[in-house]
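Here is the structure we will look at.
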Amino acid sequence: MLSYCVANETMIAENLKAVTQRISRSCEKSGRPADGVKLVCVAKEASLAEIEEVLALGVKDIGENRVQDALVKYRAIGGRAIWHLIGHLQTNKVRDAVGISSLIHSVDSLRLAEAIDREAKRAGKVQDILIQVNTSGQVSKFGISQDEVRLFFEKAVLYPNISILGLMTMAPEVEDPEETRPCFRSLRELRDELQNYQPSTMNYELSMGMTNDFEIAIEEGSTMVRIGRAIFDS
Ligand SMILES: *Cc1c(COP(=O)(O)O)cnc(C)c1O
């Protein structure tokens, strides 16, 4: 049904434009340059055709939360996108994850960091990663606890084939997005501590903010927002 397809296309283009505008507005509101926030388009619910559409609209960064899904899409799209693995990663999927991911956002154990280091070495690459932090204290959320971040960093930084680019967190789903602010603020404070403690020429990234809460996350310093539904949902 052509009319359906056309309507759908327009919808994604409109959604993307609206999201981009909201990102710029939040940057402006918090006195940050508009190019200080990268949009990672989360395609876990999207079809290949929908991903092709956002790529055609200028999106480069695609996020997937399952390695199996990422592989299928990678086979079709390959290097035309920059692939982000954002979901929980099991050690038995690390080889595939390293094979296709530009950035793995969800490193939450030393065992996983070690496995990534090993597979990256085998693949002849240095794998960029983020440390996932549980800033909400919810037991169901993945991520290391805030007081473990420093120790984790001290150990993980020694692996030669991983490069820690920053921190990632997920805020709990709440009715009032304002309630997510303390989580994002905590992650920023942890990042600032890290930045002081391990001075680096680069600024550590903050991967935080999703459909429900990305504006708050940007106000709190997010450098990467991971947005799915606001772009792909009709
Ligand atoms: C699904 C997902 C997102 C995107 O969530 P939306 O609410 O669709 O924007 C971001 N980060 C992670 C880790 C996810 O699993």
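The values are calculated or read from the model by the stated rules, or taken from the named source; none is laboratory data. Please read all numbers here as calculations on a predicted model, not as lab measurements. Don't worry about glycine lacking a Cβ; one is built from the backbone with ideal geometry, like all the others, and counts go over all protein chains shown.
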Note on the range 157-173: residues closer than 18 Å to VAL133 by Cα, surrounded by fewer than 21 Cβ atoms within 10 Å (Cβ to Cβ) and among the aliphatic types (A, V, I, L, M) are VAL157
Looking only at residues that are of a type in the set (A, V, I, L, M, F, W, C) and assigned to a loop (DSSP other than H, G, I, E, B) in the range 105-139, which one is nearest to the chain's Cα centre (by Cα)?
VAL126
Filter the range 87-118 for residues that are surrounded by fewer than 21 Cβ atoms within 10 Å (Cβ to Cβ) and either of a type in the set (Val, Ile, Thr) or closer than 11 Å to ASN161 by Cβ (or both) and give the result.
THR91, ILE100, GLU114, ARG118
Hey, can you tell me all the residues within the range 139-171 that are in contact with a helix residue (DSSP H, G or I) (Cβ under 7 Å, 6 or more places away or on another chain) and within 16 Å of the ligand (Cβ to nearest atom)?
ILE144, GLY166, LEU167, THR169, ALA171
Complete set of residues in the range 21-44 that are out of contact with any helix residue (DSSP H, G or I) (no Cβ under 9 Å at 6 or more places or on another chain) and either under 18 Å from ARG181 (Cα atoms) or assigned to a helix (DSSP H, G or I) (or both)
GLN21, GLY31
Only one of (1) aliphatic (A, V, I, L, M); (2) farther than 30 Å from SER145 by Cβ; (3) touching a Leu at 6+ places or on another chain (Cβ under 8 Å) fails for LEU103. Which number is that?
(2)
Of the residues in the range 149-208, those that are among the hydroxyl-bearing types (Ser, Thr, Tyr) and in a loop (DSSP other than H, G, I, E, B) come to TYR159, THR169, SER200, THR201, TYR204
Every residue from the range 88-104 that is more than 11 Å from GLN68 (Cβ to Cβ), part of a helix (DSSP H, G or I) and of a type outside the set (Val, Ile, Thr):
ASN92, ARG95, GLY99
Give the number of residues within the range 154-169 that are closer than 26 Å to PHE214 by Cα and either out of contact with any Cys (no Cβ under 8 Å at 6 or more places or on another chain) or touching a residue at least 60 places away in the same chain (Cβ under 8 Å) (or both).
6
Going through the range 47-61 in order, the residues found to be exposed (fewer than 15 other Cβ atoms within 10 Å of the Cβ) and part of a helix (DSSP H, G or I) are LEU48, ALA49, ALA56
Complete set of residues in the range 70-80 that are more than 16 Å from the ligand (Cβ to nearest atom) and surrounded by 14 or more Cβ atoms within 10 Å (Cβ to Cβ)
LEU71, TYR74, ILE77
Here are ILE12, ILE77: which of them is under 23 Å from PHE214 (Cβ atoms) and modelled with pLDDT of 95 or more?
ILE12
Name the residues in the range 177-209 that are without any contact (Cβ under 8 Å) to a residue 40 or more places away in the chain, in contact with a strand residue (DSSP E or B) (Cβ under 9 Å, 6 or more places away or on another chain) and of a type in the set (D, E, K, R), would you?
ARG188, ARG191
